[in-house]
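S.K.: Handing you this structure, nothing more for now.
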Amino acid sequence: MKPEQKSEYLLFGAWATSVLALAGSLYFSEVMKYEPCELCWYQRILMYPLVIFLGIAMIRKDASQWLYVLPLSVIGVCVSLYHYLIQKTSFFAESAPACGRVPCTGEYINYAGFITIPFLAFIAFLSITILMIFLNKQTKKEKNV
């Protein structure tokens, strides 16, 4: 496999993950009618632009986009992890500020006792972050070759 093909696969994987996260968030809010809490909105604000950035990067085969995507995905990891901890631990739940009309401690879904909406967002942001780190390493390899 050519090195530039690896970059394309990494970009596609990150883009597909962001599209799946976008579709999932819209499904929960528009089909299931779950009203997002304030932290959910912050996660959406961080995820939705990634669909556009990664889509353009994939079409243009521009692996340098990792530089713009990585900060958003890392911040998204932090926000979604914090949101998940608010839901699942009493320490964070007690110290959490009021979150608006919908409490951030609420769990619309709870599959297998640990899979909640913030957990799904965390996995998506973490996956994109890991793919962008690999993309960065891949672009450095391509420059050295």
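S.K.: So which of L81, L54, L46, L50 ends up being open to solvent by 30 Å² or more (accessible area, probe 1.4 Å), at pLDDT 95 or above, among the hydrophobic types (A, V, I, L, M, F, W, C) and in a helix (DSSP H, G or I)? Can you show your working first?
M.R.: On the way: L54 fails: open to solvent by 30 Å² or more (accessible area, probe 1.4 Å); L46 fails: open to solvent by 30 Å² or more (accessible area, probe 1.4 Å); L50 fails: open to solvent by 30 Å² or more (accessible area, probe 1.4 Å).
After applying the criteria, what remains is L81.
S.K.: How many residues are in a loop (DSSP other than H, G, I, E, B) and in contact with a helix residue (DSSP H, G or I) (Cβ under 9 Å, 6 or more places away or on another chain) if we restrict to segment 111-145?
M.R.: Start the filter on segment 111-145 by keeping residues that are in a loop (DSSP other than H, G, I, E, B), which leaves 112-114, 116, 145.
When the remaining residues are screened for being in contact with a helix residue (DSSP H, G or I) (Cβ under 9 Å, 6 or more places away or on another chain), the result is 114, 116, 145.
Qualifying residue count for the region: 3.
S.K.: Something else now. Taking into account only those residues within segment 88-103 that are in contact with a helix residue (DSSP H, G or I) (Cβ under 6 Å, 6 or more places away or on another chain) and either within 18 Å of L26 (Cα to Cα) or in a helix (DSSP H, G or I) (or both), which is most open to solvent (accessible area, probe 1.4 Å)? I'd like the intermediate steps shown before the answer.
M.R.: So the first thing to find is which residues in segment 88-103 are in contact with a helix residue (DSSP H, G or I) (Cβ under 6 Å, 6 or more places away or on another chain), and the list is 92-93, 96, 99-100.
Pick out the ones that are also either within 18 Å of L26 (Cα to Cα) or in a helix (DSSP H, G or I) (or both) and you get 92-93.
On the way: F92: 63, A93: 37 Å².
This residue is F92.
S.K.: Give me the pairs: first residue in segment 12-39 and under 27 Å from Y68 (Cα atoms) and open to solvent by 50 Å² or more (accessible area, probe 1.4 Å), second residue in a loop (DSSP other than H, G, I, E, B) and of a type in the set (V, I, T), beta-carbon distance under 8 Å, and six or more apart or on different chains, which are they?
M.R.: Between residues of segment 12-39 that are under 27 Å from Y68 (Cα atoms) and open to solvent by 50 Å² or more (accessible area, probe 1.4 Å) and residues that are in a loop (DSSP other than H, G, I, E, B) and of a type in the set (V, I, T), the close pairs are E38/V102.
S.K.: Also, quick follow-up: Of all residues being among the aromatic types (F, W, Y) and within 18 Å of G24 (Cβ to Cβ) in segment 122-145, which is least open to solvent (accessible area, probe 1.4 Å)? Just the residue, please. Quick ask: steps written out before the conclusion?
M.R.: Step one: of segment 122-145, the residues among the aromatic types (F, W, Y) are 122, 125, 134.
With within 18 Å of G24 (Cβ to Cβ) added as a condition, the list becomes 122, 125.
Values: F122: 42, F125: 2 Å².
Here the residue is F125.
S.K.: Shifting gears a bit: Does Y108 meet the test of being touching a residue at least 60 places away in the same chain (Cβ under 8 Å) and either of a type in the set (S, T, Y) or surrounded by fewer than 17 Cβ atoms within 10 Å (Cβ to Cβ) (or both)?
M.R.: Numbers: touching a residue at least 60 places away in the same chain (Cβ under 8 Å): yes; either of a type in the set (S, T, Y) or surrounded by fewer than 17 Cβ atoms within 10 Å (Cβ to Cβ) (or both): yes.
Taking the combined requirement at face value, the residue satisfies it.
The values are calculated or read from the model by the stated rules, or taken from the named source; none is laboratory data. Model, not experiment: these values are computed from the prediction. Here the Cβ is made from the backbone with ideal geometry for all residues, glycine too, and neighbour counts use every protein chain on show. Surface accessibility is based on the protein's heavy atoms, side chains included, excluding ligands, DNA and RNA. Shrake-Rupley method; radii C 1.70, N 1.55, O 1.52, S 1.80 Å.
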